[in-house]
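The values are calculated or read from the model by the stated rules, or taken from the named source; none is laboratory data. Please read all numbers here as calculations on a predicted model, not as lab measurements. Here Cβ is always computed from backbone atoms with ideal geometry, including for glycine, and neighbour counts include all displayed protein chains.
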């Protein structure tokens, strides 16, 4: 039987983490667990890896001395009457739940993710998608042990993809096995509602019943953290020492969670990598869109229940058509239809924007690491001719984003980084670094420390054209550089930096201070000096090297 890549993942027992790669970070011994020293690495059976949760027992498996518990429901199915509602507790079960495969991805539009130009993206990121369903509220747990009297620090990963795309195991580099083993910590990753099904405000169209509908997907994040608080001790974790971490849109989720009163006390440190999608929506605008949705579906005021009867694809089509009509009628040019469906400041679940114009008080005591990569927008790996682009050519390209300011932006970044080629400057002038600094400025005015980093390591792939692109740093923090080969190439060079970064992450999880993990002494960030850790083969502390260049960019929040 011929098995394709996605089929192979299903037969391999643990995603790509189940592939035997010749690396000390991928191999680990399970000698003795079967009673025979035969180098067996996977163990599953009636009395193996069975844990208690508040909803019932779950069965996982052991892979290379790490316990995998995958796809555990932390909430009920969100279809039907639960659609648009706050997350509900899962129905208890009497049998043992098979927590041996990843949970469903939330509904999202991913057609063509493996085809056309996206084949490059699929190769680079190893996009892992399987079933899509509204029954998507699940958590994965990786732990070195449970019921052993230990209370390990806990890490909770929130996936990227803005608020409308993604899954907890989208990239091989965010598998929790290696970091759990290396640091003796518990690693969790979660799925939650996205897009129109997570963020349609139907409160005006449907009444009080739908009061939470505009922020339902963000409330899922809180429900997942509540599950961790109530259950993680049964998996060897410490509910009193939880760190949340996310990248890109996941970084935006971290920042949003810092501003949610219901999340207060459920986590204790936070890490936002290349935070994006931090522009929360206006409630009045989203309520108007909700009314457009009702009309687009052929329903009248008070008939919003009818939207719960559509298939998710039918609802998506209705919602996006309605959003497009609203944008056309209102003359808004700053968002696309799908971008409307993000969290909103509602005065209740999210009382104010988490960092704009000032940081929310709900996250005032939370230590925070912020990081981004130097070449977030790098795409030259697909087209070698871009290596020869001139500064004038870059200005022409950047005019598509910055208009008549493009020349000023390019000149400022070229001045700040005179050793960089035009194609590098093109990828360095971006909102990810700018947004990280904006958050750092706001958060550093509170009591808890803030630490800022900039990741600039270049992989030796595609003739060295990949550079420090968006997402590359994830596998370094998680000790997975020999697993996420299409980001790093593998080997000793990326592993050396990854060990320092992973150890630094572990120190931060345990103490709230990243120092002592192998990087140079990392000072707290201040707006005055712009202290930051530059992450490369030889990490070093720098002081806001792009400060003057960033001044040419439009304000992050407008």
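The number of residues in the stretch 148-165 that are out of contact with any helix residue (DSSP H, G or I) (no Cβ under 7 Å at 6 or more places or on another chain) and buried (at least 24 other Cβ atoms within 10 Å of the Cβ) comes to 1. Inclusion of residue 293 among residues that are surrounded by 14 or more Cβ atoms within 10 Å (Cβ to Cβ) and touching a strand residue (DSSP E or B) at 6+ places or on another chain (Cβ under 7 Å) is not warranted. Of all residues in the stretch 497-515, those satisfying the criterion of being in contact (Cβ under 8 Å) with a residue 12 or more places away in the chain, in contact with a helix residue (DSSP H, G or I) (Cβ under 9 Å, 6 or more places away or on another chain) and part of a loop (DSSP other than H, G, I, E, B) are 513, 514.
Quick one: would you say residue 429 is modelled with pLDDT under 95 and in contact with a helix residue (DSSP H, G or I) (Cβ under 9 Å, 6 or more places away or on another chain)? Please lay out each step first, then the result.
Working: modelled with pLDDT under 95: yes; in contact with a helix residue (DSSP H, G or I) (Cβ under 9 Å, 6 or more places away or on another chain): yes.
When the stated conditions are applied, residue 429 passes them.
Against the list (1) under 29 Å from residue 215 (Cβ atoms); (2) at pLDDT 95 or above, the condition residue 171 fails is (2).
When 132, 110, 169 are screened for being in contact with a strand residue (DSSP E or B) (Cβ under 8 Å, 6 or more places away or on another chain), under 25 Å from residue 313 (Cα atoms) and buried (at least 21 other Cβ atoms within 10 Å of the Cβ), only 169 passes. For residue 333, indicate whether it is loosely packed, with under 13 Cβ neighbours inside 10 Å and modelled with pLDDT under 95. In short, yes. Checking every residue in the stretch 42-53 against the condition of being at pLDDT below 95, touching a strand residue (DSSP E or B) at 6+ places or on another chain (Cβ under 7 Å), surrounded by fewer than 20 Cβ atoms within 10 Å (Cβ to Cβ) and under 24 Å from residue 176 (Cα atoms) gives zero matches. Take the conditions (1) surrounded by fewer than 15 Cβ atoms within 10 Å (Cβ to Cβ); (2) touching a residue at least 24 places away in the same chain (Cβ under 8 Å); residue 550 misses just one of them, which is (1).
Checked against (1) surrounded by fewer than 21 Cβ atoms within 10 Å (Cβ to Cβ); (2) over 30 Å from residue 404 (Cβ atoms); (3) out of contact with any strand residue (DSSP E or B) (no Cβ under 9 Å at 6 or more places or on another chain); (4) touching a residue at least 40 places away in the same chain (Cβ under 8 Å), residue 491 meets all criteria but (4).
Meeting the requirement of 3 or more residues that are out of contact with any helix residue (DSSP H, G or I) (no Cβ under 6 Å at 6 or more places or on another chain) and without any contact (Cβ under 8 Å) to a residue 40 or more places away in the chain, the helices (runs of 4 or more DSSP H) wholly within the stretch 214-333 are 312-330.
Yes or no: the stretch 520-528 includes at least one residue that is touching a residue at least 12 places away in the same chain (Cβ under 8 Å), closer than 21 Å to residue 173 by Cα and surrounded by fewer than 18 Cβ atoms within 10 Å (Cβ to Cβ). Among the residues of the stretch 520-528, not one is touching a residue at least 12 places away in the same chain (Cβ under 8 Å), closer than 21 Å to residue 173 by Cα and surrounded by fewer than 18 Cβ atoms within 10 Å (Cβ to Cβ), which makes the answer no. Taking the stretch 449-472 as the range and being touching a residue at least 60 places away in the same chain (Cβ under 8 Å), assigned to a loop (DSSP other than H, G, I, E, B) and touching a helix residue (DSSP H, G or I) at 6+ places or on another chain (Cβ under 8 Å) as the test, the residues that pass are 457, 461, 462, 463, 465, 466, 467, 469, 470, 471, 472.
In the stretch 367-383, which residue that is modelled with pLDDT of 95 or more and surrounded by fewer than 24 Cβ atoms within 10 Å (Cβ to Cβ) is farthest from residue 506 (Cα to Cα)?
Going through the stretch 367-383, the residues modelled with pLDDT of 95 or more turn out to be 367-376.
Subsequent filtering for residues that are surrounded by fewer than 24 Cβ atoms within 10 Å (Cβ to Cβ) retains 367, 376.
Working: 367: 14, 376: 25 Å.
Filtering first and then ranking leaves 376.
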